[in-house]
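Participant: Mind looking over this structure? Questions follow.
The values are calculated or read from the model by the stated rules, or taken from the named source; none is laboratory data. None of these values were measured; they are calculated from a predicted model. Every residue, glycine as well, gets a Cβ built from its backbone with ideal geometry; the counts of neighbours run over all protein chains shown.
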Amino acid sequence: MSPDNTAATVEVAAGHDPGGLRKNTVTTRHLIFFVVAAAAPLTVSAGFLPLGLLVGGTMLPVAFLIAGATYAIFSVGFTAMSRHVVDSGAFSAYIEAGFGRVAGGSAALVAWTGYTLGQIGFASAAGLFASVPIDSQFGVTIPWGICATVISAAVVALCWARVDLGARVAALLLLLEIGVLAVFVIAVWLRGGAAGIPWQTLQPSAWQAPTLSAAFLITFLVFIGFEQTAVYGEEVADAQRAVPRATFAAVAILTLIYALAAFTIVMAIGTGALAKVLSGDPSQVVFNLNTSYVSAEMTTVMQVLVITSFVAGVIALQNAGTRYLFSMGRRGLLPRSLATTSAQGSPHRAVLTQGVITTVAIAAFGLSSLDPYTQVVTWTNTPTLFAVLALQIVTSLAVVRWFTRRHQGESAWTRLVAPSLAAVLLAVVLWLAVSSMGLLTGLGNLGNLLVISPLLLAAAIGAVRGVALTRRTDHG
């Protein structure tokens with residue numbers, strides 16, 4: 001790092017204790033595993049790709065390629081900023097660097113709220129998918145809420161130990177689910193699908209704007225957890241190289257997995273039979289196809305790995321939420337005790353706080369009469385999508401503003417063109433998501449307002465705390 005870059009980093013991180021988190025615990029591979037695990041490839045492929053094909057038709061693979069290209073553009077400015085600002089707050093730290101403490105405080109609490117809601121939703125879904133095979137295989141009926149609570153508590157214990165231990169578990173689960181997907185894809189391609197390779201679906205003449213817009217709701221959702229490469233910046237070896245490498249690698253891997261999986265599903269069904277097959281239960285489409293092209297035994301394995309896919313996502317989101325609590329405690333936005341680390345460098349108080357909040361919330365949902373999938377999962381994950389998209393947009397603008405004042409040797413493409421373009425593209429996606437919110441939640445305007453109210457409250461509280469810290473500094 002040049003002297004100018006060092007000065008920039010010190011300036012942005014002023015008032016922060018640069019120590020604490022255990023150094024050199026996370027590798028580039030760990031970063032990739034955390035990001036891809038948070039996206040839950042098998043869960044998305046089996047549970048969401050058929051839904052995406054239902055609303056987006058055969059354009060879903062193209063929509064994934066567009067989403068991947070958009071995030072590749074976003075990554076240019078995002079990773080450039082990560083070379084100058086190293087903080088477990090990631091998005092919020094970059095926004096604070098660009099727009100000040102008030103905006104940074106608001107962004108930090110919004111990010112934490114979004115990831116925490118996502119964690120609650122993922123754990124609830126894991127509990128639901130775990131309860132079904134237990135009942136069918138062993139004849140024991142265990143409520144989904146109990147399964148979800150046990151899973152949540154187990155994840156907290158795992159993350160309490162060490163972040164690299166959580167990474168190893170997430171990596172193992174991720175490799176297993178990608179392996180099962182690979183077997184399905186290879187089987188379909190070897191047999192030529194239902195009616196050959198549908199190359200015509202990739203031709204621009206087949207693209208339709210309305211269906212492409214609907215497909216975007218699914219394709220951009222799968223990239224949630226994207227910032228986690230930078231969240232671990234303080235714990236990774238050689239963060240200035242590892243974070244950019246892991247970020248671009250994760251984007252490429254996710255784009256390849258989902259575009260190929262979506263195209264393979266279309267190929268397995270056949271374009272002519274797509275509407276008929278999807279008119280049934282979309283959640284069973286991939287399982288049925290796997291039984292036809294591979295075997296019933298492998299489908300059983302796939303169903304089990306869907307559960308572990310959710311668990312891997314819970315691990316990733318637990319770690320992300322924990323590091324936001326740690327960062328906010330260090331900044332003074334929340335009690336500074338949250339920034340305490342153990343002798344091993346683990347943010348143990350933040351881990352426990354995150355775990356208690358999410359586990360209690362999951363247990364409360366489990367005791368309610370709400371449907372775990374159509375209500376709990378949908379109502380918690382919708383604001384997660386909105387929070388991440390909004391943070392990505394503001395982060396892109398913060399990158400432009402920060403580099404306008406400090407070029408730091410970056411090219412115009414890196415500091416201006418790419419982040420500006422990313423902000424525009426992501427703003428369009430957010431507008432489409434908000435416009436279609438009723439389709440996602442099944443609620444009216446008042447219900448939708450209640451769903452996103454935690455984000456609005458978090459933004460307000462974070463801004464107030466940011467103002468208080470600014471005044472304290474000015475008068476200190």
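Participant: Tell me which residues, restricted to the range 323-333, are more than 17 Å from A387 (Cβ to Cβ) and surrounded by 23 or more Cβ atoms within 10 Å (Cβ to Cβ).
Facilitator: As a first pass, look at the range 323-333 and keep what is more than 17 Å from A387 (Cβ to Cβ): 326, 329-332.
Of everything in the range 323-333, those that are more than 17 Å from A387 (Cβ to Cβ) and surrounded by 23 or more Cβ atoms within 10 Å (Cβ to Cβ) turn out to be F326, R330, R331.
Participant: Select from the range 394-411 the residues that are assigned to a helix (DSSP H, G or I) and over 14 Å from A93 (Cα atoms) and list them in ascending order.
Facilitator: So in the range 394-411, the residues assigned to a helix (DSSP H, G or I) come out as 394-405.
Within the range 394-411, V400, F403, T404, R405 qualify.
Participant: Go over the candidates L274, L334 one by one and state the one that is more than 30 Å from S131 (Cα to Cα) and outside any helix (DSSP H, G or I).
Facilitator: Details: L274 fails: outside any helix (DSSP H, G or I).
When all the criteria are applied, what remains is L334.
Participant: Considering (1) out of contact with any strand residue (DSSP E or B) (no Cβ under 7 Å at 6 or more places or on another chain); (2) surrounded by 17 or more Cβ atoms within 10 Å (Cβ to Cβ); (3) in contact (Cβ under 8 Å) with a residue 40 or more places away in the chain, say which one G270 fails and leave the rest.
Facilitator: (2)
Participant: Here are some residues: S420, S453, S435. Which one is among the polar types (S, T, N, Q), surrounded by 13 or more Cβ atoms within 10 Å (Cβ to Cβ) and either in contact (Cβ under 8 Å) with a residue 60 or more places away in the chain or on the phi < 0 side of the Ramachandran plot (or both)?
Facilitator: Of S420, S453, S435, the one residue that is among the polar types (S, T, N, Q), surrounded by 13 or more Cβ atoms within 10 Å (Cβ to Cβ) and either in contact (Cβ under 8 Å) with a residue 60 or more places away in the chain or on the phi < 0 side of the Ramachandran plot (or both) is S420.
Participant: Follow-up question, since we're still on this one. Would a scan of the range 308-318 turn up a residue that is farther than 16 Å from T359 by Cβ and modelled with pLDDT of 85 or more?
Facilitator: no
Participant: Another question about this same structure. Between S283, S342, which is assigned to a helix (DSSP H, G or I) and surrounded by fewer than 18 Cβ atoms within 10 Å (Cβ to Cβ)? If you could, list the steps in order and put the result at the bottom.
Facilitator: Details: S342 fails: assigned to a helix (DSSP H, G or I).
None of the other options fit; the residue is S283.
Participant: Let me spell it out: the conditions are (1) within 24 Å of L221 (Cα to Cα); (2) at pLDDT below 85; (3) not aliphatic (A, V, I, L, M), and F365 meets all of them except one. Which number is the exception?
Facilitator: Single failed check for F365: (2).
Participant: Name every residue in the range 232-249 that is surrounded by fewer than 17 Cβ atoms within 10 Å (Cβ to Cβ) and β-branched (V, I, T), in order of residue number.
Facilitator: Scanning the range 232-249 gives no hits.
Participant: Okay, next question. Under 7 Å by Cβ, and 6 or more places apart or on different chains, what pairs join a residue from the range 125-138 that is without any contact (Cβ under 8 Å) to a residue 24 or more places away in the chain with one that is assigned to a helix (DSSP H, G or I)?
Facilitator: Correct list of pairs: S131/W144; S131/C147.
Participant: Mind checking whether some residue in the range 199-209 is out of contact with any Phe, Trp or Tyr (no Cβ under 9 Å at 6 or more places or on another chain), aromatic (F, W, Y) and without any contact (Cβ under 8 Å) to a residue 12 or more places away in the chain?
Facilitator: Going residue by residue through the range 199-209, those that are out of contact with any Phe, Trp or Tyr (no Cβ under 9 Å at 6 or more places or on another chain) are 199-200, 203-209.
Restricting the remaining residues to those that are aromatic (F, W, Y) gives 199, 207.
Okay, now just the ones that are also without any contact (Cβ under 8 Å) to a residue 12 or more places away in the chain, so 199.
Yes, the range 199-209 contains at least one residue that is out of contact with any Phe, Trp or Tyr (no Cβ under 9 Å at 6 or more places or on another chain), aromatic (F, W, Y) and without any contact (Cβ under 8 Å) to a residue 12 or more places away in the chain.
Participant: Considering the range 345-361 alone, what residues qualify as being in contact with a Phe, Trp or Tyr (Cβ under 6 Å, 6 or more places away or on another chain) and not in a helix (DSSP H, G or I)?
Facilitator: First pass over the range 345-361, keeping only residues in contact with a Phe, Trp or Tyr (Cβ under 6 Å, 6 or more places away or on another chain): 347, 350-351.
Hit for the range 345-361 is P347, nothing else.
Participant: Restricting to the range 362-378, name every residue that is part of a helix (DSSP H, G or I) and out of contact with any helix residue (DSSP H, G or I) (no Cβ under 7 Å at 6 or more places or on another chain). Show your work before the answer.
Facilitator: To start, the set of residues in the range 362-378 that are part of a helix (DSSP H, G or I) comprises 362-367, 372-378.
Of everything in the range 362-378, those that are part of a helix (DSSP H, G or I) and out of contact with any helix residue (DSSP H, G or I) (no Cβ under 7 Å at 6 or more places or on another chain) turn out to be A364, T374, Q375.
Participant: Still on this structure, please answer the following. Sort out which residues of the range 185-194 are under 21 Å from K276 (Cα atoms) and in contact with a helix residue (DSSP H, G or I) (Cβ under 7 Å, 6 or more places away or on another chain), and write them in order of number.
Facilitator: In the first step, residues of the range 185-194 are kept if they are under 21 Å from K276 (Cα atoms); the result is 188, 192-194.
The answer is V188, G193, A194.
Participant: Can you tell me which of (1) within 30 Å of T414 (Cβ to Cβ); (2) at pLDDT below 75 is the one F220 doesn't meet?
Facilitator: Going through (1) within 30 Å of T414 (Cβ to Cβ); (2) at pLDDT below 75 one by one, F220 breaks only (2).
Participant: Identify the single condition in (1) without any contact (Cβ under 8 Å) to a residue 24 or more places away in the chain; (2) β-branched (V, I, T); (3) surrounded by 21 or more Cβ atoms within 10 Å (Cβ to Cβ) that I307 does not satisfy, given that it satisfies every other one.
Facilitator: (1)
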